[in-house]
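Here is the structure we will look at, set down as structure tokens.
The values are calculated or read from the model by the stated rules, or taken from the named source; none is laboratory data. Quantities reported herein were computed from a predicted structural model and do not represent experimental measurements. Methodologically, a virtual Cβ is constructed for each residue, glycine included, from the backbone with ideal geometry; neighbour enumeration extends over all protein chains shown. Keep in mind that these areas ignore ligands, DNA and RNA; they rest on the heavy atoms of the full protein, side chains included. Shrake-Rupley method; radii C 1.70, N 1.55, O 1.52, S 1.80 Å.
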Protein chains: 2
Amino acid sequence: MPRFEKIEYKPIPVSDLMLEMKNLSELMIDLAYSAALFNDKELAEDVIELEARVDTLAYLMDMEIMVAARDAKDAEALIGISTVAAATDKISDAAADIAAIVTRNINIHPLVSEIFEKTEKQLTKATVKEGSLLVGKLIGDLDLAALMGVDIIAIRRNKDWIIDPKDSERIFLNDVLITRGAPQGVKDFKKLAEASLLTTEAQK
Amino acid sequence: MPRFEKIEYKPIPVSDLMLEMKNLSELMIDLAYSAALFNDKELAEDVIELEARVDTLAYLMDMEIMVAARDAKDAEALIGISTVAAATDKISDAAADIAAIVTRNINIHPLVSEIFEKTEKQLTKATVKEGSLLVGKLIGDLDLAALMGVDIIAIRRNKDWIIDPKDSERIFLNDVLITRGAPQGVKDFKKLAEASLLTTEAQK
């Protein structure tokens, strides 16, 4: 996203905006804690980028709501949406605050790491490279949960994020996959995506 | 909690404060969305009460950090904790904003409900009543996930909250259990807790 993008009114359905804001804000919390725990600057930068995206969505949402509300009755009907949207924006801000600790090289105190370790599963980013057996596969066909104990919780495809992708989602070359799971599982999965794990080894 | 409790310094370990703040803030988001989706005023009031609790924890945390930091080096070591604590506080505020829609009788627009329905599993509160077969049982012994498709995500015991209780946690009379699961499952579970479901029927 260009850094000084002009926010222009776009007639995107309010429900689409809301769904994306809610999903992104929840993903961002997980990403932020994981970035802090593993001092993962790349993940932290993703969170900060996503925060800018949620801000954009929040502006668009506010404009949609203004346009939609013609009278007091409409306004009453819409104030609930507007409040929930503002709350998801606040959550995404909080996630970005956590991520900024990492990008600004502030030390995460061992106490905090210890707590995150207790409560968070590891999130890892993996880019699907040429030669990976993931290319062209449906998520449902991979049965990753059973095979490696990992879940794909988000896909970044170009500039879009697909949150909590369905089994029917196909994986493409250059997709960035965010996975959650046990440390060994996500490590193996990363190798699989980056085509440095042999097919036979992965299918054991 | 008394409404105008005086905040007094208590030497609670920072790690305990942080763990509780993180867990509560995450639980609150789930509770708040669920309260909004099902227009559940009781759940919404719990969220608002929890928000006051997180505020108290945040004050205690700030004081602990002040006391712990004797010099610039300490302050550098502690700024990460302080930032994460502030972020969890912000998340809990956002959850309380969503809950306030419910307690203030603001209509949740059908669009929002639709989105929450897509993304949230139902959360239900059930109080363990006399005669319930849950009394005295370990969570692990119940095998609720397999039996009814529900999880106990929190227990409220008097004024304490046990978040994400372990299998070794015992259920007591008057515990308030927050469960998540499929609509029929949580409904059956509520009956089981409130002793209005016959033992034999539950064990089918």
Check: Roughly how much of A:Asp93 is accessible, in Å² to the nearest 10, using a 1.4 Å probe?
Finding: 50 Å²
Notebook entry, point to check: If ligands, DNA and RNA are left out, what is the accessible area of A:Tyr9 with a 1.4 Å probe, given in Å² to the nearest 10?
Noted result: 100 Å²
Notebook entry, point to check: In nm, what does the list of distances from A:Asp16 to its counterparts in the other copies look like, shortest first, when each label sits 7 Å along Cα to Cβ?
Noted result: 5.1
Check: When only the heavy atoms of the protein chains count and the probe is 1.4 Å, how do B:Ile48, A:Ile81 rank by accessible area, highest first?
Finding: B:Ile48, A:Ile81
Check: What lysines sit close enough to A:Lys137 to cross-link, taking a C-alpha to C-alpha distance under 17 Å and skipping anything fewer than 8 places away on the same chain?
Finding: A:Lys129, A:Lys166, A:Lys190, A:Lys191
Check: For B:Ser113 and B:Ala52 in one chain, what is 0.36 nm times their gap in residues minus the Cα-Cα distance, to one decimal in nm?
Finding: 19.3 nm
Notebook entry, point to check: Considering only protein heavy atoms, what per residue accessible area in square angstrom results for chain A with a 1.4 angstrom probe?
Noted result: 51 Å²
Notebook entry, point to check: Between copies, how far does the label point of B:Lys137 sit from its twins, in nm, shortest first, when each point is 7 Å from Cα along Cα→Cβ?
Noted result: 3.9
Checklist line | At 7 Å out from Cα toward Cβ: A:Asp74 inter-copy label distances (nm, ascending) | finding: 5.8
Next item on the list: Pull up the cross-link candidates among the aspartates and glutamates for B:Lys6, meaning alpha carbon to alpha carbon under 13 Å and not fewer than 8 places away within one chain.
Entry: B:Asp55
Margin query: How many angstrom lie between the Cα centre of region B:116-183 and the Cα centre of region B:5-84?
Written below: 23 Å
Notebook entry, point to check: Which shape class applies to region A:62-176: rounded if a/c is under 1.5, otherwise prolate when a/b exceeds b/c and oblate if not, where a ≥ b ≥ c are the square roots of the Cα gyration tensor eigenvalues?
Noted result: oblate
Notebook entry, point to check: Mind checking how much accessible area A and B bury in total, 1.4 Å probe, in Å² rounded to 100?
Noted result: 3200 Å²
Next item on the list: Give me the percent of the accessible area of region A:1-139 that comes from carbon and sulfur atoms, probe 1.4 Å, all protein chains in place.
Entry: 52 percent
Notebook entry, point to check: About its Cα centre, what dipole magnitude does region A:14-103 give when the only charges are +1 on Lys and Arg Cβ and -1 on Asp and Glu Cβ, stated in debye to the nearest 20?
Noted result: 220 debye
Item checked: Net lengthening on full extension, A:Lys166/A:Lys191 (0.36 nm per residue, minus Cα-Cα) -> 6.8 nm
